[in-house]
Amino acid sequence: MNTITFSGVLPQVFSSNPPDRSAVWMQDISFERGKSYLVEADSGRGKSTMCSYMTGYRHDYTGTIMFDQTDVRSLSRAQWTDIRRHVVSCLYQDLRLFPELTVIENIEIKNRLTRHIDAATISSWLEELDIAEKRDTPVRQLSVGQQQRIAIIRALCQPFSFLLADEPVSHLDDACAQATARLITREASRQGAAVIATSIGRHLPLSYDKEIKL
């Protein structure tokens, strides 16, 4: 997949009071593979909703979303499962980790499905994001920032054409944010993938091809 296109899309929750001056809602906009995008918005403007539309977990909108030439409303459940496993990876704002499982167990849940990354690479990513010493620690015992780094690694444990990162550095200090940006940039470049990052202010420190006001 090379392009995700929004045409006249508006979440139903905004139907009675459409947001003004949005570059996404009720507009025509395309996200292209291989490019990086920063989507900035205040809280409540629909950043997480946009990500949910692109991963097929929500369909409560008017307008059209296209994956290349395919209207996403025509996709079957099996097709969506394949897309989430091989085409679109998402780092969710609420992280969606399993608190009773350890760090490595949370990562391996994804990697066992995709068999995309070897154990040595995962270990090197844990070192790179300064979380290796927590490898066998239950996630519930970690800080939110530490959990965010685990969720980032897990999101990279699959092939993808588009990486959605919903406020990926909101709980990270500057050093961790920079390390995260380097890792994401390297993996996206290796796969020729797009990065679509959202932010309410502090954003993933990448060089963006386009900055968008949601």
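Checking every one of the GluC sites (Glu not before Pro) in segment 65-129 against DSSP loop status and a limit of 11 other Cβ atoms within 10 Å picks out Glu100.
Computed over the chain, the per-residue total of -39500 (n - 2.57) for DSSP H runs of n ≥ 4 gives a 222 nm mean residue ellipticity of -10000 deg cm²/dmol, rounded to 500.
In the chain, if the dipole is taken from +1 on Lys/Arg beta carbons and -1 on Asp/Glu beta carbons about the Cα centre, which of Asn111, Leu183, Val72 is farthest to the positive end? Positive-end residue among those listed: Val72. Full extension of the chain segment joining Arg186 with Arg140 gains 13.7 nm, where the gain is 0.36 nm per residue of separation less the Cα-Cα distance. What is the distance in Å between the Cα centres of segment 1-39 and segment 118-133? First find each Cα centre; the distance between them is then 35 Å.
The alpha carbon centroids of segment 45-74 and segment 163-214 are separated by 21 Å. Averaging the sequence gap over all C-alpha pairs within less than 8 Å and six or more residues apart, then dividing by the number of residues, gives the chain a relative contact order of 32 percent. Bridgeable lysines around Lys47 (alpha carbons under 19 Å apart, same-chain partners fewer than 8 residues away excluded): Lys35, Lys210, Lys213. With protein chains left intact and a 1.4 Å probe, residues in segment 51-142 average 54 Å² of accessible area per residue.
One chain, two ends: Arg73 and Arg85. Fully extended at 0.36 nm per residue, the span grows by 2.5 nm beyond their Cα-Cα distance.
Where does each of Met54, Met66 land when they are ordered by accessible area, with a 1.4 Å probe and the largest first?
These residues rank, largest area first, as Met66, Met54.
Under a model in which nothing but the beta-carbon of Lys, Arg (+1) and Asp, Glu (-1) is charged, the chain shows a dipole of about 380 debye around its Cα centre.
The apolar share of the surface of segment 98-214, taken as the fraction of accessible area on carbon and sulfur atoms (1.4 Å probe, ligands and nucleic acids excluded), comes to 48 percent.
The values are calculated or read from the model by the stated rules, or taken from the named source; none is laboratory data. This structure is a prediction, so every number in the text was calculated from the model and none was measured. In this analysis, Cβ positions are derived from the backbone assuming ideal geometry, glycine residues included, and neighbour counts consider all displayed protein chains. In case anyone asks, the SASA skips ligands and DNA or RNA and just uses the protein heavy atoms, side chains included. Shrake-Rupley method; radii C 1.70, N 1.55, O 1.52, S 1.80 Å.
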